[in-house]
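Novice: The structure follows.
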Amino acid sequence: MAKSEIKKDIFWVGAVDWNVRNFHGHTYSTSRGTTYNSYLILDEKIALVDTVYGPFAQEMIRRIKEVIDPAKIDYIVVNHVETDHSGALPEILKLCPKARLMGTAKCREGLEKHYYGKWDFQTVKTGDKLNLGKKTLSFIEAPMVHWPDSMFTYCPQEKLLLPNDAFGQHYATAERFDDEVDNAVLMEEATKYYANILWPLGSIILGKIGEVQKMNIPIDMIAPSHGIIWRRDPAEIINAYLSWAKNQTVPKAVIVYETMWGATAKMAERIAQGISDSNIQVKLFDIVVSDRTEIIKEMLNAKGFVIGSSTHDNDMLPTIAAFLEFLKGSKPRERLACAFGSYGWAGGATKEIEGIMKEAGIELAQAGIGVKYTPSEEELNLCYEFGKEFAGKILQEKLSA
Amino acid sequence: MNKYRCTVCGYVYDPAAGDPTQGVKPGTAFENLPDTWVCPECGVGKDMFEKM
């Protein structure tokens with residue numbers, strides 16, 4: 001079998017974007033690049049499942065040509081309308097003008113609003129099947145995993161699930177399978193992907209995984225639209241998704257702060273010491289020099305969030321404010337939080353942080369701590385005790401869970 | 001009759017307006033929507049809605 005043949009007569013014909021460092025505009029830092037995965041299925045009828053980001057159309061077309069003449073493609077399954085998977089459609093359709101597109105009703109609407117083309121499109125629903133000859137493709141609508149148009153495609157003969165963005169990772173590699181790469185790196189990227197893209201959709205994901213499990217369909221390979229294909233033990237990534245979707249956490253605190261002249265940083269470090277001395281895992285980030293994508297990944301399994309800012313114009317500083325807006329959109333559930341910061345006169349940052357935490361549905365575990373100007377040694381000891389108190393709350397939650 | 005909000009995308013079901021995209025007549029209470037009804041914006045089911 002050719003290296004790109006992931007199952008008998010099923011080929012990976014995607015593209016590797018080694019150098020992309022920011023994704024979705026600047027909402028996701030892809031420090032390890034990404035791939036756009038497209039799959040070509042050969043049978044009496046030939047189907048292409050998903051395409052790639054527009055600028056990579058020629059790379060996909062070259063890979064298709066290594067297998068067949070693109071003119072022979074009968075169907076293009078569009079699991080997801082987002083441009084990193086549909087962007088190459090206009091180019092590939094020039095080479096296979098008879099190909100019929102298949103997708104959900106929302107996909108049809110979405111494609112029209114992206115490309116304004118007159119394309120042959122067949123709307124499919126959950127349970128619909130496409131017979132290719134020996135193989136069939138069946139479709140499972142998956143609205144809001146992660147867009148309204150999202151859909152999974154399943155090939156029962158090959159026990160292969162093609163869930164598009166679900167179970168993906170932004171991870172550029174020459175290898176295609178999980179057993180060919182470092183598992184720790186792979187899981188780190190899968191975690192980062194879930195945290196930054198899917199976190200707010202946990203309840204939908206739980207429902208969808210439950211629905212697929214009830215269908216009782218055997219799955220021995222999950223081939224997502226980004227990154228590595230899962231074949232060693234697909235249950236492992238499914239179980240990880242279930243755990244994240246249920247908001248399961250570990251006794252861990254993530255401290256994120258912004259500081260003007262270093263006073264809030266001093267407080268942060270002493271709070272971290274108090275947490276760590278209570279045998280709770282702690283991570284500390286100065287938001288201004290840190291990668292937001294990385295911080296959100298660390299927060300996914302953390303029970304506690306500790307947010308700090310100096311006061312500026314009676315409010316928190318702008319970079320931490322933007323970070324909290326993003327965090328609010330992630331809709332974290334069953335978390336504990338507290339706030340801290342240095343101020344000069346009236347203060348205000350701590351209150352503002354607490355306000356946005358409440359809005360985000362995050363429980364405030366204890367009153368915030370503020371220090372005027374530069375903290376004295378005595379005040380730093382109070383910060384240490386503040387950290388210990390918060391660690392105690394995390395432990396208490398763990399024991400009662 | 002209460003309005004209901006989709007907790008996923010924020011769409012508001014207004015019983016006074018119904019949902020013509022799925023053949024739901026104006027004046028239909030949220031409770032009386034069929035179980036097959038989905039959010040017209042994002043496609044999730046009735047269970048994802050909360051009373052406003």
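Novice: Test each condition in (1) in contact with a Leu (Cβ under 9 Å, 6 or more places away or on another chain); (2) in a strand (DSSP E or B) for A:Val16 and report the one that comes out false.
Specialist: (1)
Novice: Does any residue of region A:8-25 turn out to be closer than 28 Å to A:Lys135 by Cβ, surrounded by 18 or more Cβ atoms within 10 Å (Cβ to Cβ), touching a helix residue (DSSP H, G or I) at 6+ places or on another chain (Cβ under 6 Å) and not polar (S, T, N, Q)?
Specialist: yes
Novice: Restricting attention to region B:8-33, and to residues there that are in contact with a Lys or Arg (Cβ under 9 Å, 6 or more places away or on another chain) and in a loop (DSSP other than H, G, I, E, B), which single residue is nearest to the other protein chains (Cβ to nearest Cβ)?
Specialist: Top of the filtered list is B:Tyr11.
Novice: Still on this structure, I have one more. Taking the options A:Leu186, A:Leu160, A:Leu198, name whichever one is within 14 Å of another protein chain (Cβ to nearest Cβ) and not basic (Lys, Arg).
Specialist: Of A:Leu186, A:Leu160, A:Leu198, the one residue that is within 14 Å of another protein chain (Cβ to nearest Cβ) and not basic (Lys, Arg) is A:Leu198.
Novice: Only one of these conditions is not met by B:Val38: (1) out of contact with any Cys (no Cβ under 6 Å at 6 or more places or on another chain); (2) in contact (Cβ under 8 Å) with a residue 24 or more places away in the chain; (3) within 14 Å of chain A (Cβ to nearest Cβ); (4) among the hydrophobic types (A, V, I, L, M, F, W, C). Which number is it?
Specialist: Answer for B:Val38: the failing condition is (2).
Novice: In region A:240-267, which residues are assigned to a helix (DSSP H, G or I) and within 28 Å of the chain's Cα centre (by Cα)?
Specialist: Once the filter is applied, which keeps residues that are assigned to a helix (DSSP H, G or I) and within 28 Å of the chain's Cα centre (by Cα), region A:240-267 yields A:Ala240, A:Tyr241, A:Leu242, A:Ser243, A:Trp244, A:Ala245.
Novice: Additional query: Which of the following residues is farther than 29 Å from A:Lys159 by Cβ and under 26 Å from the mean Cα position of the chain (by Cα): A:Thr34, A:Thr30?
Specialist: The conditions single out A:Thr30.
Novice: Let me ask something additional. From the residues in chain B that are of a type in the set (Val, Ile, Thr) and within 26 Å of A:Gly202 (Cα to Cα), which one is surrounded by the most Cβ atoms within 10 Å (Cβ to Cβ)?
Specialist: Among residues in chain B that are of a type in the set (Val, Ile, Thr) and within 26 Å of A:Gly202 (Cα to Cα), the one surrounded by the most Cβ atoms within 10 Å (Cβ to Cβ) is B:Val44.
Novice: Only one of A:Ile61, A:Ile68 is in contact with an Asp or Glu (Cβ under 8 Å, 6 or more places away or on another chain) and in the same structural domain as A:Pro148 (by TED's automatic domain parsing); which?
Specialist: When all the criteria are applied, what remains is A:Ile61.
Novice: Also, quick follow-up: Could you tell me which of the residues A:Tyr193, A:Tyr171 is under 19 Å from the mean Cα position of the chain (by Cα), free of Cβ contacts under 8 Å to residues at least 40 places away in the same chain, more than 14 Å from chain B (Cβ to nearest Cβ) and buried (at least 21 other Cβ atoms within 10 Å of the Cβ)?
Specialist: The match here is A:Tyr193.
The values are calculated or read from the model by the stated rules, or taken from the named source; none is laboratory data. Bear in mind the structure is a predicted one, so any value in this text is a computation, not a measurement. Using ideal geometry, Cβ is built from the backbone for each residue, glycine included, and neighbour counts are taken over all protein chains shown.
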